[in-house]
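Any read-out appearing in this document is the output of simple, stated calculations on the displayed coordinates, not a laboratory observation. Predicted, not measured: the structure shown is a model, and the values here were computed from it. Using ideal geometry, Cβ is built from the backbone for each residue, glycine included, and neighbour counts are taken over all protein chains shown.
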């Protein structure tokens with residue numbers, strides 16, 4: 001068993017981004033294993049047969065394979081900015097539920113046999129709600145960034161990236177400013193490091209406190 005917790009991740013996955021943000025903020029040291037979703041390692045599948053990232057394998061063998069649980073686990077260990085005080089479970093549930101449903105069908109219409117314009121507009125309803133909140137404060141639960149921002153921002157980033165020119169033209173200025181501020185942060189740069197696909201014989205890639 002590794003001397004450190006092991007995080008199986010995929011750089012561009014918003015769920016994995018969310019988990020890495022929590023780990024990076026907490027400073028929890030771990031071994032980062034970048035996986036290719038078309039070639040999932042057997043060690044990851046043995047830990048979590050559902051085969052989705054992220055997967056965190058703790059030193060004692062316990063497995064956490066839900067991204068929001070990894071985020072909260074890391075912050076329970078260390079929360080230097082008080083992110084746990086700026087949580088909104090209902091807003092995160094709306095993001096992970098209906099917004100993610102619409103995002104997938106907007107981004108991958110062929111995969112879902114969907115009308116992308118319908119789902120783009122449905123997704124915009126959620127973003128307009130965020131914009132109303134962000135008109136009152138710099139972040140979703142106050143002026144300081146917190147857990148809700150880390151949990152939701154990667155999905156807004158993915159929505160924006162489907163058609164960036166169209167997104168930038170939408171009248172949601174507070175969402176635009178909030179997203180750009182988070183994307184420009186040193187924390188986001190830290191979690192978006194590029195590492196090669198993990199192989200069993202490679203040197204460990206250290207993440208968190210050691211990265």
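Looking at the chain as a GNM with Cα springs under 10 Å, which of 36, 100, 50 has the largest mean-square fluctuation?
Fluctuation is largest for 50.
Which FRET efficiency value, to the nearest 0.05, is calculated for residue 37 and residue 170 with the Förster distance at 22 angstrom and r the Cβ-Cβ distance?
After rounding to 0.05, the efficiency reads 0.15.
How far is the Cα center of the stretch 45-87 from the Cα center of the stretch 8-35, in Å?
One Cα centre to the other: 9 Å.
When the chain is modelled as a GNM with alpha-carbon springs shorter than 10 Å, which of 59, 95, 139 fluctuates the most?
59
With springs connecting C-alpha atoms under 10 Å apart, model the chain as a Gaussian network and identify which of 16, 184, 150 has the largest mean-square fluctuation.
Judging by the Gaussian network model, the answer is 184.
Take 143, 65 and order them by how many other Cβ atoms sit within 10 Å, fewest up front.
Result, fewest neighbours first: 143, 65.
Determine the relative contact order of the stretch 1-129: mean sequence separation of Cα pairs under 8 Å and six or more apart, normalised by residue count, in whole percent.
With pairs under 8 Å counted, the relative contact order is 23 percent.
When a footprinting reagent is the concern and you count Cβ atoms within 10 Å, what order do 8, 108, 15 take, fewest first?
The most exposed by this proxy come first: 108, 15, 8.
At what distance in angstrom do the alpha carbon centres of the stretch 163-180 and the stretch 109-153 lie from each other?
That distance is 11 Å.
Of all DSSP beta bridges in the chain, what percent run antiparallel (nearest 5)?
In the chain, DSSP labels about 70 percent of beta bridges as antiparallel.
Rounded, prolate or oblate, given the Cα gyration tensor of the stretch 84-185, with a/c below 1.5 counting as rounded?
prolate
Could you compute the FRET efficiency for residue 136 and residue 189, with r as their C-beta to C-beta distance and R0 at 22 Å, rounded to 0.05?
0.20
Rounded to the nearest 500, what is the 222 nm mean residue ellipticity of the chain from helices alone, with -39500 (n - 2.57) per DSSP H run of 4+ residues and division by all residues?
It lands at -14500 deg cm²/dmol.
So how much slack lies between residue 143 and residue 85, counting 0.36 nm per residue of separation and subtracting their Cα-Cα distance, in nm?
That pair, residue 143 and residue 85, stretches by 19.7 nm at full extension.
Under the classification rounded if a/c is under 1.5, otherwise prolate if a/b is larger than b/c and oblate if not, where does the stretch 1-112 fall, given a ≥ b ≥ c as square roots of the Cα gyration tensor eigenvalues?
oblate
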